[in-house]
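Q: Could you have a look at this structure, given as structure tokens, before my questions?
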Amino acid sequence: LFDATQKIVCVIRPAGGVESTRISIIGSQIDLMPTLLEMSGHPVPADLHGRNLLAPPGQERGIYMEAFQRNLGENRMHGWLKGGWKFVRTLGGEEHLYRSGEGLESDLIDQNPEIADELREELEQFLATVVFNQGADNQTQIDRLLLEGLGYADTEEDE
């Protein structure tokens, strides 16, 4: 969960010569839909998890991160980013705490157990709300092989 893969610049250029706006807030992919709906004048459904990034900031919220490529094995990671801190936990149970934006060089979990406890709890609460779609699988064998080759799908022996 390095900054190089988690901090992504997003540039949106709407049609119609809208005046440009620059915002420097932490957002998530789930924020794109409500932002684009609002920009286009469409109603934003109340049950969306994301928020309109152009609206005045509300209460600070955590951002979920994950690195789940198959080739990581037990080192697949969940992460929670909030308040300048990044809490990371591997599937193997290792936990780490870093200052956001400072890379992953210095693990600060031993010096900040109360922050780690708070972020761990928020991550657990978030994960408890995740609904996994168990719908029909329309992938062809070729689709599955391509996704496996990119590390985005488990092989049958991994399941």
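The values are calculated or read from the model by the stated rules, or taken from the named source; none is laboratory data. In this text, all values refer to a predicted model and were calculated from it rather than measured experimentally. Every residue, glycine among them, receives a Cβ derived from its backbone with ideal geometry; neighbour counts consider all protein chains shown. Keep in mind that these areas ignore ligands, DNA and RNA; they rest on the heavy atoms of the full protein, side chains included. Shrake-Rupley method; radii C 1.70, N 1.55, O 1.52, S 1.80 Å.
Q: Give, as a single signed number, the net charge of other residues whose beta carbon lies under 12 Å from the beta carbon of residue 51, with Lys and Arg counted +1 and Asp and Glu -1. Write down the numbers at each step before the final one.
A: Values: positive: 61; negative: 31, 38, 60.
Net charge around residue 51: -2.
Q: Could I ask something else about it? Counting only protein heavy atoms, what percent of the accessible surface of the chain is carbon or sulfur at a 1.4 Å probe? If you can, show how the numbers build up before the last one.
A: Working: 6140 of 11620 Å².
About 53 percent, which is the carbon plus sulfur part of the accessible surface.
Q: Let me know the Rg and Dmax you get for segment 45-128 when you use only its Cα atoms, in Å.
A: Both quantities, over Cα of segment 45-128: 14.1, 42 Å.
Q: Per residue, how much accessible area does the chain show when a 1.4 Å probe rolls over the protein heavy atoms, in square angstrom?
A: Working: 11620 Å² over 159 residues.
Each residue of the chain exposes 73 Å² on average to a 1.4 Å probe.
Q: With a ≥ b ≥ c the root eigenvalues of the C-alpha gyration tensor of the chain, is it rounded (a/c under 1.5), prolate (a/b larger than b/c) or oblate?
A: On the way: a/c = 1.85, a/b = 1.14, b/c = 1.62.
Here the chain falls in the oblate category.
Q: Pick from 54, 91, 146 the residue whose mean-square fluctuation is largest in a GNM of the chain, springs joining Cα atoms under 10 Å.
A: 146
Q: With a 10 Å cut-off between alpha carbons and a GNM built on the chain, which of 62, 16, 92 moves the most?
A: 16
Q: Can you give the extra length, in nm with one decimal, that the chain gains between residue 107 and residue 125 once fully stretched, where that is 0.36 nm per residue apart less the Cα-Cα distance? Each step should come with its number before you reach the end.
A: Numbers: separation 18, 0.36 × 18 = 6.48 nm, distance 2.32 nm.
The span from residue 107 to residue 125 would gain 4.2 nm if fully extended.
Q: Give me the percent relative contact order of segment 1-66, please, defined on Cα pairs under 8 angstrom at least 6 residues apart. If you can, show how the numbers build up before the last one.
A: Numbers: 36 pairs, mean separation 22.6, N = 66.
Taking the mean separation of contacting Cα pairs over the length of segment 1-66, I get 34 percent.
Q: For the chain, what does -39500 (n - 2.57) per DSSP helix run (n ≥ 4), summed and divided by total residues, give at 222 nm, in deg cm²/dmol to the nearest 500?
A: Details: 4 runs with 39 residues, N = 159.
One gets -7000 deg cm²/dmol as the mean residue ellipticity at 222 nm.
Q: Shifting gears a bit: Extending each Cα 7 Å along its Cβ direction at residue 30 and residue 47, get the distance between those two points in nm, one decimal.
A: Once both label points are built, they end up 1.4 nm from each other.
Q: Amide H neighbours of residue 109 under 5 Å, at least 5 residues apart or on other chains, H built in the peptide plane: list them.
A: Close amide H contacts, sequence-distant or interchain: 97.
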